[in-house]
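Okay, so here's the structure we're looking at.
Values quoted throughout were computed directly from the atomic coordinates according to the rules given, and no laboratory measurement underlies them. Because the structure is predicted, anything quoted here is derived from the model rather than measured. Here Cβ is always computed from backbone atoms with ideal geometry, including for glycine, and neighbour counts include all displayed protein chains.
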Amino acid sequence: MRSPTARLSALALTIIAAPAAVVAVLGYLSLRQWQTSAELLFREQARDVAVMAAQKVDMMLRHADEAFLDRLQAQLTAGAADAPALDRLVAEAPLVRRLYLVGRDGRLRYPGAWRDAADAATFEPVVRALPPAAWERGGKRPTVAGTSACLAMLRTARGEPVLVAYSRDVETLRRDVLAASLAGLESPTIVAVLDAAGRPVYSRVPLDRAERVLAVGLGEALPDWQVAVYAPPGTAPREVVRRQMMMFTGAFAVLLAILAIGIVLCWRLMRRETEMAQLKSDFVANVSHDLKTPLSVIRMFGETLELGRVPDEERRREYYRVITRESERLSRLIDNVLDFSRIEGGRQRYEWVPTAVEPLVRDTLDAFTYPLEQQGFKIEVSVAPDLPDVPMDADAIGQALSNLIDNAVKYSGAERSIVLDARREGDRLALSVTDHGIGIPAAEHARIFEKFYRVGQSETQSRRGSGVGLALVRHIVEAHGGAVTVQSAPGQGSRFTLWLPLGASIEGPHGSEGRHGAEGRHGSAGASRAGQGGLGGPFEAPHSD
Ligand SMILES: Nc1ncnc2c1ncn2[C@@H]1O[C@H](COP(=O)(O)OP(=O)(O)OP(=O)(O)O)[C@@H](O)[C@H]1O
Ligand SMILES: [Mg+2]
């Protein structure tokens, strides 16, 4: 048969791992699909934005060009196109950096010469390569050669064609055209204009760390330039999906952890329940055996006496004593079990009466006189003389003490000596039972007070017991507002101490009873209280009679 752990692991695997794997795969696939469609949509939107921006810039630029050429044509038609007038015209058109007019013969008409070598290199080849048909066709529409060089064919007042060549001022272009047309563009993305070399000429906001999505041509007005759309850091669909993925994975891991913890807790609960069931069945077996032994002794001795087979008077008395002692043991055992079940059911009641300690100790010990003598125990009793009467349920405390003495007897080895000691420590009464028996390992100190628990050593197991004695002891002293402690080591004996409040107050686990305590201290006989509680359940504060 497979072990419970193996079965549980298999169970955990099927109920956690398999569905978890399915959910993880489905989650991953749907996120991937989502990423693809989100990227597609994002690109489409970016393209729309870019195209719109390009059209806007193109339109503005064309308007500006046409306005300039219209004014120039007007001057040419009016025959007022002398050098100073043209200088003025250029000065008034900030978008135009330099203006040249070339005649049909290829000679510069305005100004006298190319203003610098760069202009000469830009315009001269274009002018020379112009086909004759272009001169005849004419037209205001500018032909653009490169970014900053524009050409247009106008006519003078006498109808002669004149080639207008001009270059654009990039700074003005950036400020007056690009900034003006792109600034108002509402979009989460960044729109930028790149020059022929791919360098950004203009961008709405700084481009640092932004990711380029796509670029489209700017149109006829600026053929080498491009409008590019950038995604600011963290807004690209891929990154958004990555964040989602991380969140999903995190939430999933937490879910798995919770499931795993749940299973572990469940498993522990199951184990505890199984243990408890085992302890209970041991308990039944132990109690039955404990009841049977004294009963058979009583029966045997009773029958022997009845048959009159004991002629010796001394022997007969001895037999009577055995019967008495065994029936006392039986009563103790039954009391223990009954009280235990009352406590378990929350029906145990205590009656607090101021009690002298010395007689209580003696009376309790008296019940053990015979077995102690029989087994050759050396008993030492020391009760401090200054002890006041202590408010307590004398029967219950006597029973607790009996259990400690019973254990001391039961778990003693070769060294048979027991010390009973009652003393005052601060505002508490300390009642100790010390033996030199087999002792208890430190790891078991807490567990021996649990119900049904017995130390799993062969020495313990060879001695009969039901495992409820110390659970009862603990309940009784705690109901009195006290505690029980143990000092013990294997092979070195044990010392169990009952701590009880001396009298100023009785502090149950749920509060204190000042009035009652005061009565107890003064020895008032009528001061009697009853309380009840369960072994694991809450203790109810005593009610007034
Ligand atoms: N004086 C002691 N010396 C060594 N071990 C002890 C001593 N007292 C208690 N123990 C250990 O603690 C366990 C619990 O004690 P407890 O009195 O509750 O049960 P029990 O003596 O086995 O049975 P019961 O008292 O119900 O007949 C014991 O089984 C024993 O292993
Ligand atoms: Mg016991």
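Tell me which trypsin sites (Lys or Arg not before Pro) from segment 159-233 have a DSSP coil assignment and no more than 14 other beta carbons within 10 Å of their own.
Details: sites: 168, 174, 175, 204, 209, 212; in loops: 204, 209.
The qualifying sites are 209.
Leaving out same-chain residues fewer than 8 places away, which aspartates and glutamates sit with a Cα under 16 Å from that of residue 56?
In chain and number order, the partners are 48, 65, 66, 176, 186, 220.
I need the shape label for the chain. Rule: rounded when a/c is under 1.5, else prolate if a/b > b/c, else oblate, with a, b, c from the alpha carbon gyration tensor.
Because a/c hits 1.5 or more and a/b exceeds b/c, the chain counts as prolate.
Give me 229, 216, 484 sorted ascending by neighbouring Cβ count inside 10 Å, so fewest comes first.
216, 484, 229
What FRET efficiency comes out for the pair residue 305/residue 425, r = Cβ-Cβ distance, R0 = 51 Å, nearest 0.05? Mind showing how you got there, number by number?
Working: r = 49 Å, r/R0 = 0.96.
Step by step, r from the Cβ atoms, then E = 0.55.
For Cα pairs less than 8 Å apart in space and 6+ apart in sequence, what is the mean separation divided by the residue count of segment 211-337, i.e. the relative contact order in percent?
Answer for segment 211-337 is 15 percent.
At R0 = 56 Å, how high is the FRET efficiency between residue 375 and residue 7 if r is their beta carbon distance? Nearest 0.05 is fine. If you can, show how the numbers build up before the last one.
Values: r = 49 Å, r/R0 = 0.87.
In this case the efficiency is close to 0.70.
Please give the contour-minus-distance gain from residue 274 to residue 80: 0.36 nm per residue of separation, less the Cα-Cα distance, rounded to one decimal in nm.
Computed gain between residue 274 and residue 80 is 58.5 nm.
Let's see if you can work this out: charge +1 on each Lys and Arg Cβ, -1 on each Asp and Glu Cβ, no other charges. What is the dipole magnitude of the chain about its Cα centre, in debye to the nearest 20?
2520 debye
Starting from the Cα-Cα distance between residue 349 and residue 172, subtract it from 0.36 nm times their residue separation and give me the gain in nm to one decimal.
53.6 nm
Sequence neighbours fewer than 8 away in the same chain don't count; with that in mind, list the lysines whose C-alpha is under 24 Å from residue 292.
Residue 292 reaches 280, 410, 451.
Using the Karplus curve 6.51 cos²θ - 1.76 cosθ + 1.60 with θ = phi - 60°, what ³J(HN,Hα) values do you get for each residue of segment 363-371, in whole Hz, with x for Gly and Pro?
Couplings: 4, 4, 5, 3, 4, 9, 3, 5, x Hz.
So between residue 334 and residue 134, what do we pick up on full extension, going 0.36 nm a residue minus the alpha carbon distance?
59.2 nm
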